[in-house]
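The values are calculated or read from the model by the stated rules, or taken from the named source; none is laboratory data. Only a predicted model underlies this, so the values are computations on that prediction, with no experimental measurement involved. Note that we place each Cβ from the backbone using ideal geometry, even for glycine, and neighbour counts take in every protein chain shown. With ligands, DNA and RNA removed, areas are computed over all heavy atoms of the protein, side chains included. Shrake-Rupley method; radii C 1.70, N 1.55, O 1.52, S 1.80 Å.
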Amino acid sequence: MIKLMIYIFFIVNALIGQNTIKPNALLNKTYNKLVDDKEGSLLKFNYYFENDAHKIKVPIKGSLAIFSNNRFYLNFNEGENEMIQIYNGEYISTILIQEKEILIDNMDESKNFLIHNIFQNYESRFELKIKYHEGTIIGIELTPKPIYNEIIYNECIDEVGLPTCLKLPSQCKIGIQPLLKQKLQECINTNNGYKHNNIVSIEMKINSNTLEILSINQVNRHNGVTDIEIINTEKISGKILEIDTLYKEFEIIDLR
């Protein structure tokens, strides 16, 4: 009987330990280990993609270095049709090796690479939950929050008769009565007041002991699935963000 009680005690404590893990805190710790004020981290990966019409059988190899202030270096499709992207905090440079061109443009968040985009936007764009916990391996599921169409949302604010300070993009923080909140939601739903989001869900697998990302899986609408398998993670200097003299003969096209 005593042995049984001890066994149950350890099971209960293990379950409590799992429930106390906060996905936001785990992602914060993981990011802080990858990035500090002086160094970043280089993640080497295999990239897979499939949908109803196409499936990548041989993975595309690449590497991503991430740094503070949203800066990053991406080398995608190493070897064949290689593309390098560098964001130095001011503008993004896309280096097309085969074409010998460098395209310079302003940063567009919608074009961000998957891993980088998760870390910069997960708190505002996604709902997080622990999907599974197997030993030291934790799966975090990120589900996109609805993004309102500002015009329709603001029109519904007027239609329901709510204070104009609740309009997007700058909203005041005041309480809304449940009945009025329900009417606002009904108005938004009736008028298709959400922006289209191609992402259905993202699953990130993390080693909770080492705080290493093991893989990322993204499911898109229309049955598109992206799998990123992290092969290795290592610290790296910010010098990688400097355009190498190797590209001095490339044509520079400024699109800003």
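Assorted remarks:
- In segment 144-256, Cα pairs under 8 Å separated by at least six residues give a relative contact order of 18 percent.
- Around the amide H of S68, modelled in the peptide plane, lie the amide H atoms of D36, all under 5 Å away and 5 or more residues distant in sequence or on another chain.
- Residue by residue, segment 35-40 carries 3J(HN,Hα) couplings of 10, 9, 5, 9, 10, x Hz when phi is fed to the Karplus relation 6.51 cos²θ - 1.76 cosθ + 1.60 (θ = phi - 60°); x denotes Gly or Pro.
- Accessible carbon and sulfur surface of the chain relative to its total accessible area, %, 1.4 Å: 51 percent
- Max mean-square fluctuation residue, GNM over the chain, Cα-Cα springs under 10 Å, options K29, K131, K183: K183
- Under a 5 Å amide H cut-off, with hydrogens placed 1.01 Å from N, F126 pairs with K145 among residues at least 5 apart or on other chains.
- For L168, the amide hydrogen comes within under 5 Å of the amide hydrogens of N154, counting only partners 5 or more places away or on other chains and with H modelled in the peptide plane.
- Counting only heavy atoms of the protein chains and using a 1.4 Å probe, H54 has close to 100 Å² of accessible surface.
- Solvent-accessible area of E155 with every protein chain in place, 1.4 Å probe, in Å² to the nearest 10: 110 Å²
- Computed Rg/Rh of segment 166-256, alpha carbon atoms with Kirkwood Rh: 1.17
- Nearest-0.05 FRET efficiency for T190 and S237, computed from C-beta distance (R0 51 Å): 0.40
- In the context of the full set of protein chains, the chain has a per residue accessible area of 62 Å² (1.4 Å probe).
- Over segment 54-158 - Rg/Rh using Cα atoms and the Kirkwood inverse-distance radius: 1.07
- Approximating the spin labels as points 7 Å out from Cα along Cα→Cβ, the V200-to-L180 distance works out to 3.8 nm.
- Bridging of K55 to lysines at a Cα separation below 30 Å is possible for K44, K100, K111, K129, K131, K145, K195, K205, once same-chain residues fewer than 8 apart are set aside.
- Calculated [222 nm] ellipticity per residue, helices only, for the chain: -8000 deg cm²/dmol; basis is -39500 (n - 2.57) per DSSP H run with n ≥ 4, divided by all residues, nearest 500.
- Overall form of the chain per C-alpha gyration tensor (a/c, 1.5; a/b vs b/c): oblate
- Relative contact order [Cα under 8 Å, 6+ residues apart], the chain, whole percent: 23 percent
- Within the chain, helices built from complete DSSP H runs that reach 20 Å or longer along their own axis (Cα positions) and carry a mean Kyte-Doolittle hydropathy of -0.5 or higher are 2-19.
- Net +/- balance of residues flanking I140 in space, Cβ distance below 9 Å, scoring K and R +1, D and E -1: +1
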